[in-house]
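See structure below.
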Amino acid sequence: MAQKPSIPKGTRDFTPSEVIKRNYIFDIVKKHFQTFGFQPIETPSFENSDTLMGKYGDEGDRLIFKILNSGDYLSKVDETTYSSKNSNVLTSKISEKALRYDLTVPFARYVVMHQNEIDFPFKRYQIQPVWRADRPQKGRFREFFQCDADVVGSDSLLQEIEFVQLYDAVFTDLKLNGVNIKMNNRKILSGIAEVIGAQDLLIDFTVALDKLDKIGEEGVKKEMAERGLTPEAIAKVEPLFSLSGTNLEQLEALKELLKDSETGSKGVEELTFIISTIEQLGLQSAKLSIDVTLARGLNYYTGAIFEVAAPEGVKMGSIGGGGRYDDLTGVFGLKDVSGVGISFGLDRAYLVLEELGLFPESIDQSLDLLCLNFGDKEALAALKLVSELRKNGVKADVYPSSAKIQKQFKYANNRKVPYVVLIGEQELENNLFVVKNMAEGSQKEYSLNEVEAFVKSLV
(Lines give C-alpha, C1' and ligand atoms only; values in the text may rest on other atoms or scores of the structure.)
Protein backbone atom coordinates (compact mmCIF):
# COMPACT_ATOMS: atom_id res chain seq x y z
CA MET A 1 0.00 0.00 0.00
CA ALA A 2 1.30 3.46 -0.92
CA GLN A 3 2.30 5.70 1.97
CA LYS A 4 -0.10 8.56 2.67
CA PRO A 5 1.91 11.79 2.25
CA SER A 6 2.09 14.25 5.14
CA ILE A 7 4.22 17.11 6.47
CA PRO A 8 5.31 17.83 10.06
CA LYS A 9 2.93 19.80 12.27
CA GLY A 10 3.66 23.50 12.28
CA THR A 11 5.02 23.51 8.70
CA ARG A 12 3.28 24.34 5.44
CA ASP A 13 3.39 23.92 1.69
CA PHE A 14 2.94 27.19 -0.18
CA THR A 15 0.89 27.47 -3.38
CA PRO A 16 2.04 29.73 -6.23
CA SER A 17 -0.48 32.36 -5.08
CA GLU A 18 0.82 32.24 -1.51
CA VAL A 19 4.45 32.50 -2.60
CA ILE A 20 3.63 35.53 -4.76
CA LYS A 21 1.87 37.22 -1.83
CA ARG A 22 4.74 36.43 0.54
CA ASN A 23 7.21 37.85 -1.98
CA TYR A 24 5.07 40.99 -2.17
CA ILE A 25 5.62 41.49 1.57
CA PHE A 26 9.32 40.55 1.31
CA ASP A 27 9.86 43.08 -1.48
CA ILE A 28 8.25 45.95 0.44
CA VAL A 29 10.13 45.14 3.66
CA LYS A 30 13.42 44.78 1.77
CA LYS A 31 12.84 48.05 -0.10
CA HIS A 32 12.46 49.98 3.16
CA PHE A 33 15.40 48.20 4.81
CA GLN A 34 17.55 49.42 1.94
CA THR A 35 16.01 52.91 1.96
CA PHE A 36 16.95 53.21 5.64
CA GLY A 37 20.55 52.21 4.86
CA PHE A 38 20.64 48.58 6.05
CA GLN A 39 22.92 46.00 4.37
CA PRO A 40 21.99 42.33 3.78
CA ILE A 41 23.72 39.33 5.33
CA GLU A 42 22.86 35.62 5.63
CA THR A 43 23.87 33.03 8.22
CA PRO A 44 23.59 29.19 8.26
CA SER A 45 20.23 27.58 9.05
CA PHE A 46 21.88 25.73 11.95
CA GLU A 47 24.45 26.80 14.51
CA ASN A 48 26.60 25.10 17.10
CA SER A 49 24.34 24.34 20.08
CA ASP A 50 26.46 26.37 22.51
CA THR A 51 25.94 29.43 20.28
CA LEU A 52 22.18 29.28 20.86
CA MET A 53 21.63 27.64 24.26
CA GLY A 54 21.33 29.92 27.27
CA LYS A 55 20.54 33.04 25.22
CA TYR A 56 16.73 32.93 25.33
CA GLY A 57 15.93 31.96 28.90
CA ASP A 58 14.64 28.57 30.03
CA GLU A 59 11.44 28.81 27.98
CA GLY A 60 13.33 29.66 24.81
CA ASP A 61 15.92 26.92 25.31
CA ARG A 62 13.16 24.32 25.43
CA LEU A 63 11.91 25.44 22.02
CA ILE A 64 15.23 25.01 20.20
CA PHE A 65 15.27 22.14 17.69
CA LYS A 66 18.35 19.99 18.30
CA ILE A 67 20.08 18.13 15.46
CA LEU A 68 21.39 14.62 16.12
CA ASN A 69 25.08 14.06 15.42
CA SER A 70 25.91 12.24 12.21
CA GLY A 71 26.50 8.50 12.16
CA ASP A 72 26.16 6.32 15.26
CA TYR A 73 25.38 9.18 17.64
CA LEU A 74 24.88 6.84 20.62
CA SER A 75 28.28 5.15 20.36
CA LYS A 76 30.02 7.77 22.54
CA VAL A 77 27.40 7.70 25.29
CA ASP A 78 28.47 5.71 28.32
CA GLU A 79 26.02 3.25 29.91
CA THR A 80 25.57 5.31 33.07
CA THR A 81 24.55 8.45 31.14
CA TYR A 82 22.29 6.41 28.87
CA SER A 83 20.59 4.64 31.78
CA SER A 84 20.01 7.89 33.71
CA LYS A 85 17.47 9.03 31.10
CA ASN A 86 18.45 12.64 31.88
CA SER A 87 17.57 14.39 28.62
CA ASN A 88 19.74 17.46 29.32
CA VAL A 89 22.88 15.40 29.90
CA LEU A 90 22.12 12.99 27.06
CA THR A 91 21.38 15.77 24.56
CA SER A 92 24.82 17.31 25.02
CA LYS A 93 26.38 13.93 24.14
CA ILE A 94 24.36 13.20 21.01
CA SER A 95 23.69 16.69 19.58
CA GLU A 96 26.23 19.41 18.88
CA LYS A 97 24.14 21.54 16.49
CA ALA A 98 20.69 23.13 16.50
CA LEU A 99 18.39 24.94 14.10
CA ARG A 100 18.47 28.68 14.67
CA TYR A 101 15.72 29.98 16.96
CA ASP A 102 15.94 33.56 15.73
CA LEU A 103 18.26 35.77 13.68
CA THR A 104 19.54 37.99 16.50
CA VAL A 105 21.89 35.60 18.29
CA PRO A 106 23.41 34.32 15.00
CA PHE A 107 23.87 37.97 14.06
CA ALA A 108 25.75 38.64 17.31
CA ARG A 109 27.97 35.65 16.54
CA TYR A 110 28.49 37.01 13.00
CA VAL A 111 29.52 40.45 14.31
CA VAL A 112 32.14 38.93 16.62
CA MET A 113 33.57 36.66 13.92
CA HIS A 114 33.68 39.46 11.30
CA GLN A 115 34.42 42.44 13.56
CA ASN A 116 37.59 43.37 11.64
CA GLU A 117 35.67 43.56 8.34
CA ILE A 118 32.74 45.61 9.66
CA ASP A 119 32.33 49.39 9.68
CA PHE A 120 30.59 50.40 12.91
CA PRO A 121 27.84 51.32 13.44
CA PHE A 122 26.85 48.32 11.35
CA LYS A 123 23.29 48.31 9.99
CA ARG A 124 22.24 44.92 8.70
CA TYR A 125 19.04 43.27 7.55
CA GLN A 126 18.39 39.56 7.26
CA ILE A 127 15.40 37.68 5.81
CA GLN A 128 15.65 33.93 6.48
CA PRO A 129 13.63 31.09 8.07
CA VAL A 130 13.88 30.16 11.77
CA TRP A 131 12.57 27.16 13.70
CA ARG A 132 10.88 26.80 17.08
CA ALA A 133 9.50 23.65 18.71
CA ASP A 134 6.37 25.54 19.72
CA ARG A 135 2.78 24.30 19.91
CA PRO A 136 1.28 25.08 16.48
CA GLN A 137 -1.80 27.33 16.39
CA LYS A 138 -3.24 30.13 14.25
CA GLY A 139 -0.41 32.48 13.38
CA ARG A 140 2.19 30.37 15.17
CA PHE A 141 4.32 27.92 13.23
CA ARG A 142 7.38 25.78 13.87
CA GLU A 143 9.06 26.98 10.68
CA PHE A 144 8.66 30.60 9.68
CA PHE A 145 10.54 33.52 8.16
CA GLN A 146 11.88 36.44 10.16
CA CYS A 147 12.70 39.80 8.64
CA ASP A 148 15.21 41.49 10.94
CA ALA A 149 16.98 44.84 10.95
CA ASP A 150 19.66 45.63 13.55
CA VAL A 151 22.21 48.32 14.31
CA VAL A 152 25.29 47.47 16.39
CA GLY A 153 28.03 49.80 17.56
CA SER A 154 25.86 52.75 18.60
CA ASP A 155 24.02 53.50 21.84
CA SER A 156 22.25 56.55 20.38
CA LEU A 157 18.49 56.64 20.98
CA LEU A 158 18.12 57.99 17.44
CA GLN A 159 18.30 54.33 16.39
CA GLU A 160 15.14 53.51 18.36
CA ILE A 161 13.40 56.49 16.76
CA GLU A 162 14.48 55.26 13.34
CA PHE A 163 13.04 51.80 14.00
CA VAL A 164 9.66 53.28 14.93
CA GLN A 165 9.76 55.16 11.62
CA LEU A 166 10.79 51.98 9.78
CA TYR A 167 7.83 50.04 11.18
CA ASP A 168 5.55 52.90 10.22
CA ALA A 169 6.96 53.10 6.67
CA VAL A 170 6.64 49.36 5.99
CA PHE A 171 3.11 48.91 7.33
CA THR A 172 1.94 52.10 5.61
CA ASP A 173 3.31 50.77 2.31
CA LEU A 174 1.49 47.48 2.93
CA LYS A 175 -1.73 49.54 3.42
CA LEU A 176 -1.95 48.08 6.93
CA ASN A 177 -2.98 51.31 8.61
CA GLY A 178 -3.53 51.61 12.34
CA VAL A 179 -0.96 49.13 13.66
CA ASN A 180 -0.02 49.78 17.29
CA ILE A 181 3.73 50.05 17.95
CA LYS A 182 3.96 49.36 21.69
CA MET A 183 7.08 50.35 23.59
CA ASN A 184 8.57 49.76 27.02
CA ASN A 185 12.05 49.76 28.53
CA ARG A 186 13.73 46.97 30.48
CA LYS A 187 15.23 49.58 32.78
CA ILE A 188 11.68 50.54 33.79
CA LEU A 189 10.91 46.90 34.55
CA SER A 190 14.14 46.59 36.54
CA GLY A 191 13.23 49.77 38.42
CA ILE A 192 9.78 48.43 39.26
CA ALA A 193 11.30 45.18 40.51
CA GLU A 194 13.67 47.29 42.62
CA VAL A 195 11.00 49.50 44.24
CA ILE A 196 8.79 46.50 45.08
CA GLY A 197 11.77 44.63 46.56
CA ALA A 198 11.92 41.86 43.95
CA GLN A 199 15.26 42.55 42.22
CA ASP A 200 16.30 38.91 42.52
CA LEU A 201 13.07 37.83 40.79
CA LEU A 202 13.27 40.19 37.81
CA ILE A 203 12.93 37.48 35.16
CA ASP A 204 10.05 35.77 37.00
CA PHE A 205 8.38 39.14 37.45
CA THR A 206 8.73 40.14 33.77
CA VAL A 207 7.69 36.74 32.38
CA ALA A 208 4.49 36.86 34.42
CA LEU A 209 3.80 40.51 33.59
CA ASP A 210 4.23 39.84 29.88
CA LYS A 211 1.21 37.50 29.98
CA LEU A 212 -1.28 40.20 31.05
CA ASP A 213 -3.11 40.28 27.72
CA LYS A 214 -3.42 36.48 27.74
CA ILE A 215 -4.36 35.61 31.34
CA GLY A 216 -5.58 38.94 32.74
CA GLU A 217 -4.70 40.83 35.92
CA GLU A 218 -5.74 38.08 38.35
CA GLY A 219 -3.89 35.46 36.33
CA VAL A 220 -0.73 37.57 36.39
CA LYS A 221 -1.00 38.08 40.17
CA LYS A 222 -1.45 34.35 40.66
CA GLU A 223 1.57 33.52 38.50
CA MET A 224 3.70 36.12 40.29
CA ALA A 225 2.79 34.52 43.61
CA GLU A 226 3.68 31.08 42.22
CA ARG A 227 7.03 32.50 41.06
CA GLY A 228 7.88 33.72 44.56
CA LEU A 229 6.74 37.34 44.72
CA THR A 230 5.34 38.36 48.12
CA PRO A 231 1.77 39.70 48.52
CA GLU A 232 3.28 43.08 49.43
CA ALA A 233 5.34 43.19 46.22
CA ILE A 234 2.32 42.20 44.12
CA ALA A 235 0.22 44.93 45.77
CA LYS A 236 2.84 47.53 44.81
CA VAL A 237 2.63 46.37 41.18
CA GLU A 238 -1.13 46.98 40.93
CA PRO A 239 -0.89 50.63 39.75
CA LEU A 240 0.73 49.35 36.53
CA PHE A 241 -2.47 47.57 35.54
CA SER A 242 -4.46 50.82 35.50
CA LEU A 243 -2.08 53.37 33.94
CA SER A 244 -4.05 55.73 31.69
CA GLY A 245 -3.81 58.99 29.77
CA THR A 246 -1.48 60.04 26.97
CA ASN A 247 1.96 58.53 26.55
CA LEU A 248 3.62 61.50 28.23
CA GLU A 249 1.07 61.48 31.09
CA GLN A 250 1.81 57.79 31.72
CA LEU A 251 5.52 58.57 31.68
CA GLU A 252 4.98 61.27 34.31
CA ALA A 253 3.20 58.71 36.51
CA LEU A 254 6.06 56.27 36.02
CA LYS A 255 8.58 58.98 36.80
CA GLU A 256 6.92 59.50 40.18
CA LEU A 257 6.61 55.75 40.85
CA LEU A 258 10.29 55.16 40.06
CA LYS A 259 11.82 58.31 41.55
CA ASP A 260 13.77 56.25 44.10
CA SER A 261 15.26 53.95 41.44
CA GLU A 262 18.18 55.27 39.41
CA THR A 263 17.79 52.49 36.86
CA GLY A 264 14.04 52.97 36.54
CA SER A 265 14.38 56.74 36.21
CA LYS A 266 16.93 56.25 33.43
CA GLY A 267 14.43 54.03 31.57
CA VAL A 268 11.70 56.66 31.89
CA GLU A 269 14.11 59.31 30.60
CA GLU A 270 15.04 57.22 27.55
CA LEU A 271 11.44 56.39 26.71
CA THR A 272 10.38 60.02 27.16
CA PHE A 273 13.03 61.15 24.65
CA ILE A 274 11.88 58.58 22.07
CA ILE A 275 8.16 59.27 22.49
CA SER A 276 8.49 63.07 22.50
CA THR A 277 10.76 63.04 19.42
CA ILE A 278 8.37 60.82 17.47
CA GLU A 279 5.49 63.13 18.42
CA GLN A 280 7.45 66.01 16.88
CA LEU A 281 8.32 64.05 13.73
CA GLY A 282 4.90 62.44 13.30
CA LEU A 283 3.97 59.03 11.89
CA GLN A 284 2.20 58.19 8.61
CA SER A 285 -0.36 55.63 9.77
CA ALA A 286 0.90 53.74 12.83
CA LYS A 287 0.08 54.49 16.46
CA LEU A 288 2.83 54.61 19.11
CA SER A 289 1.87 53.73 22.67
CA ILE A 290 3.51 52.91 25.99
CA ASP A 291 2.83 49.47 27.47
CA VAL A 292 4.60 48.99 30.80
CA THR A 293 3.41 45.38 30.96
CA LEU A 294 5.38 44.63 27.78
CA ALA A 295 8.22 42.47 29.01
CA ARG A 296 9.19 40.03 26.24
CA GLY A 297 10.87 37.47 28.47
CA LEU A 298 14.09 37.24 26.47
CA ASN A 299 17.16 37.62 28.63
CA TYR A 300 19.11 39.86 26.30
CA TYR A 301 17.01 43.04 26.14
CA THR A 302 18.46 45.83 28.27
CA GLY A 303 16.75 49.00 27.06
CA ALA A 304 13.89 49.75 24.68
CA ILE A 305 11.40 46.98 23.92
CA PHE A 306 9.18 47.00 20.81
CA GLU A 307 6.08 45.01 19.98
CA VAL A 308 3.72 45.67 17.08
CA ALA A 309 0.05 44.73 17.32
CA ALA A 310 -2.30 44.40 14.34
CA PRO A 311 -4.98 47.09 13.88
CA GLU A 312 -7.93 46.98 16.26
CA GLY A 313 -10.49 44.30 15.45
CA VAL A 314 -7.94 41.82 14.08
CA LYS A 315 -7.31 38.89 16.40
CA MET A 316 -3.64 38.11 15.94
CA GLY A 317 -0.52 37.95 18.08
CA SER A 318 2.28 40.43 17.59
CA ILE A 319 3.33 41.09 13.99
CA GLY A 320 6.69 42.57 14.95
CA GLY A 321 8.97 43.08 17.91
CA GLY A 322 12.47 43.80 19.11
CA GLY A 323 14.56 45.88 21.48
CA ARG A 324 17.98 47.04 22.61
CA TYR A 325 20.61 44.59 23.78
CA ASP A 326 23.59 46.47 25.16
CA ASP A 327 26.03 43.58 25.42
CA LEU A 328 24.74 40.61 23.45
CA THR A 329 28.09 40.18 21.69
CA GLY A 330 29.76 40.02 25.12
CA VAL A 331 28.84 36.34 25.45
CA PHE A 332 31.03 35.72 22.38
CA GLY A 333 33.96 37.75 23.71
CA LEU A 334 33.31 41.19 22.23
CA LYS A 335 32.42 43.47 25.15
CA ASP A 336 30.56 46.79 25.23
CA VAL A 337 29.03 46.70 21.76
CA SER A 338 25.55 48.16 22.00
CA GLY A 339 22.88 46.99 19.61
CA VAL A 340 19.20 47.47 18.87
CA GLY A 341 16.98 45.68 16.40
CA ILE A 342 13.48 44.81 15.28
CA SER A 343 11.81 41.92 13.51
CA PHE A 344 8.80 41.70 11.22
CA GLY A 345 6.50 38.70 11.67
CA LEU A 346 6.03 37.86 8.00
CA ASP A 347 3.60 34.97 8.42
CA ARG A 348 1.32 36.81 10.80
CA ALA A 349 1.44 39.96 8.68
CA TYR A 350 0.44 37.78 5.71
CA LEU A 351 -2.60 36.46 7.59
CA VAL A 352 -3.64 39.98 8.60
CA LEU A 353 -3.33 41.29 5.02
CA GLU A 354 -5.33 38.29 3.81
CA GLU A 355 -8.05 38.79 6.42
CA LEU A 356 -8.40 42.49 5.60
CA GLY A 357 -8.22 41.98 1.82
CA LEU A 358 -5.18 44.25 1.46
CA PHE A 359 -3.23 42.35 -1.20
CA PRO A 360 -3.42 44.03 -4.65
CA GLU A 361 -6.19 42.57 -6.82
CA SER A 362 -3.79 41.70 -9.63
CA ILE A 363 -1.22 40.03 -7.39
CA ASP A 364 -2.13 36.49 -8.52
CA GLN A 365 -1.58 37.44 -12.15
CA SER A 366 1.48 35.35 -12.96
CA LEU A 367 0.93 35.68 -16.73
CA ASP A 368 0.13 38.81 -18.70
CA LEU A 369 -0.68 36.94 -21.85
CA LEU A 370 -1.31 33.40 -23.15
CA CYS A 371 -1.06 32.40 -26.82
CA LEU A 372 -3.48 29.66 -27.77
CA ASN A 373 -2.15 26.72 -29.77
CA PHE A 374 -3.87 25.96 -33.11
CA GLY A 375 -1.25 23.57 -34.49
CA ASP A 376 2.43 23.28 -35.35
CA LYS A 377 2.77 26.20 -37.82
CA GLU A 378 0.62 28.49 -35.71
CA ALA A 379 2.48 27.49 -32.51
CA LEU A 380 5.82 28.40 -34.13
CA ALA A 381 4.50 31.88 -34.93
CA ALA A 382 3.16 32.13 -31.37
CA LEU A 383 6.56 31.18 -29.97
CA LYS A 384 8.25 33.90 -32.08
CA LEU A 385 5.71 36.44 -30.80
CA VAL A 386 6.14 35.32 -27.19
CA SER A 387 9.93 35.61 -27.49
CA GLU A 388 9.55 39.24 -28.63
CA LEU A 389 7.10 40.01 -25.84
CA ARG A 390 9.35 38.50 -23.17
CA LYS A 391 12.23 40.70 -24.35
CA ASN A 392 9.96 43.65 -23.62
CA GLY A 393 9.21 42.45 -20.10
CA VAL A 394 5.79 40.93 -20.82
CA LYS A 395 5.03 37.72 -18.91
CA ALA A 396 3.91 35.55 -21.82
CA ASP A 397 3.48 31.87 -22.62
CA VAL A 398 2.19 29.49 -25.31
CA TYR A 399 -0.23 26.69 -24.47
CA PRO A 400 1.87 23.55 -25.03
CA SER A 401 -0.54 21.49 -27.16
CA SER A 402 -3.30 22.07 -29.70
CA ALA A 403 -6.01 20.93 -27.30
CA LYS A 404 -9.64 21.98 -27.66
CA ILE A 405 -9.93 25.76 -27.65
CA GLN A 406 -12.50 25.59 -24.83
CA LYS A 407 -9.94 23.77 -22.66
CA GLN A 408 -7.26 26.37 -23.46
CA PHE A 409 -9.60 29.24 -22.56
CA LYS A 410 -10.48 27.50 -19.29
CA TYR A 411 -6.76 27.26 -18.49
CA ALA A 412 -6.38 30.99 -19.17
CA ASN A 413 -9.32 31.77 -16.88
CA ASN A 414 -7.94 29.60 -14.09
CA ARG A 415 -4.58 31.38 -14.37
CA LYS A 416 -6.37 34.78 -14.33
CA VAL A 417 -4.65 35.74 -17.60
CA PRO A 418 -5.90 39.16 -18.72
CA TYR A 419 -5.05 38.77 -22.44
CA VAL A 420 -5.32 35.77 -24.76
CA VAL A 421 -3.68 35.81 -28.20
CA LEU A 422 -5.11 33.90 -31.13
CA ILE A 423 -2.97 33.06 -34.17
CA GLY A 424 -4.99 30.68 -36.31
CA GLU A 425 -4.53 29.68 -39.92
CA GLN A 426 -6.25 32.84 -41.24
CA GLU A 427 -4.29 35.18 -38.94
CA LEU A 428 -1.05 33.51 -39.99
CA GLU A 429 -1.88 34.08 -43.70
CA ASN A 430 -2.56 37.77 -43.00
CA ASN A 431 0.50 38.17 -40.73
CA LEU A 432 -1.75 39.16 -37.79
CA PHE A 433 -2.44 38.21 -34.25
CA VAL A 434 -5.72 38.78 -32.39
CA VAL A 435 -5.69 39.91 -28.77
CA LYS A 436 -8.74 39.15 -26.62
CA ASN A 437 -9.26 41.18 -23.46
CA MET A 438 -10.61 38.53 -21.07
CA ALA A 439 -12.25 41.00 -18.68
CA GLU A 440 -14.08 43.02 -21.36
CA GLY A 441 -14.53 40.30 -23.97
CA SER A 442 -13.30 42.70 -26.68
CA GLN A 443 -10.83 41.78 -29.45
CA LYS A 444 -8.26 43.75 -31.42
CA GLU A 445 -5.93 42.88 -34.30
CA TYR A 446 -2.22 43.71 -34.48
CA SER A 447 0.41 43.09 -37.16
CA LEU A 448 3.07 40.52 -36.31
CA ASN A 449 5.56 43.09 -37.60
CA GLU A 450 4.40 45.73 -35.08
CA VAL A 451 4.68 43.98 -31.72
CA GLU A 452 5.88 47.19 -30.06
CA ALA A 453 2.51 48.86 -30.68
CA PHE A 454 0.81 46.11 -28.68
CA VAL A 455 3.40 46.30 -25.89
CA LYS A 456 2.77 50.05 -25.55
CA SER A 457 -0.97 49.38 -25.24
CA LEU A 458 -0.27 47.22 -22.18
CA VAL A 459 1.50 50.02 -20.29
* To do: Could you state, as a whole-number percent, how many of the C-alpha pairs of region 225-277 are farther apart than 13 Å?
  => 64
* From phi via Karplus (6.51, -1.76, 1.60), per-residue ³J(HN,Hα) for region 63-68 in Hz, x at Gly/Pro -> 9, 7, 6, 8, 10, 5
* To do: Sticking with the crude label model, points 7 Å out along Cα→Cβ, report the distance from Glu354 to Ala2 in nm, one decimal please.
  => 2.7
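So, with a 1.4 angstrom probe, what is the percent of accessible area on the chain that is carbon and sulfur?
On the way: 11590 of 23680 Å².
Reported share for carbon and sulfur atoms: 49 percent.
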* Note the full-extension length gain between Lys93 and Leu63 as 0.36 nm times their separation in residues minus their Cα-Cα distance, in nm to one decimal. => 8.9 nm
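From the Cα gyration tensor of region 252-304, with a ≥ b ≥ c the square roots of its eigenvalues, which class applies: rounded if a/c is under 1.5, or else prolate if a/b is larger than b/c, or else oblate? Working shown, then result.
On the way: a/c = 2.16, a/b = 1.35, b/c = 1.60.
Here region 252-304 falls in the oblate category.
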* Once the other residues with Cβ under 11 Å from the Cβ of Leu248 are scored (Lys, Arg +1; Asp, Glu -1), what is the net sum? -> -2
* Structure fact -> The answer for the net charge of residues other than Gln159 whose Cβ lies under 11 angstrom from its Cβ, with Lys and Arg +1 and Asp and Glu -1, is -2
* Ratio to report: Rg/Rh of region 27-185, with Cα atoms as the point set and Rh obtained by the Kirkwood method; give two decimals. => 1.05
* To do: Taking amide H positions as placed in the peptide plane 1.01 Å from N, state which residues far from Leu288 in sequence (5 or more) or on other chains have amide H under 5 Å from it.
  => Ile181
* Asked: Could you state the principal axis extents of the C-alpha atoms in the chain, from the largest down, to the nearest angstrom?
  -> 92, 66, 48
* **For Pro360, net neighbour charge (Lys/Arg +1, Asp/Glu -1) across residues whose Cβ lies under 13 Å away** => -2
* Two-decimal ratio, region 395-459, of alpha-carbon radius of gyration to 2.2 N^0.38 Å -> 1.12
* **Low-density loop cleavage sites - trypsin sites (Lys or Arg not before Pro) in region 319-372, where at most 12 other Cβ are within 10 Å (DSSP)** => Lys335
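Under a 1.4 Å probe, what is the accessible area of the chain per residue, stated in Å²?
52
Pairs of alpha-carbon atoms within less than 8 angstrom and 6+ residues apart define the contacts here; what relative contact order does the chain have, in percent? Don't jump to the answer; show the numbers that get you there.
Details: 756 pairs, mean separation 68.9, N = 459.
After rounding, I find 15 percent.
The values are calculated or read from the model by the stated rules, or taken from the named source; none is laboratory data. Here the structure is a predicted model, which means the values were calculated and not measured. For neighbour counting, all protein chains shown are included, and Cβ atoms are generated from backbone atoms with ideal geometry for every residue, glycine included. Keep in mind that these areas ignore ligands, DNA and RNA; they rest on the heavy atoms of the full protein, side chains included. Shrake-Rupley method; radii C 1.70, N 1.55, O 1.52, S 1.80 Å.
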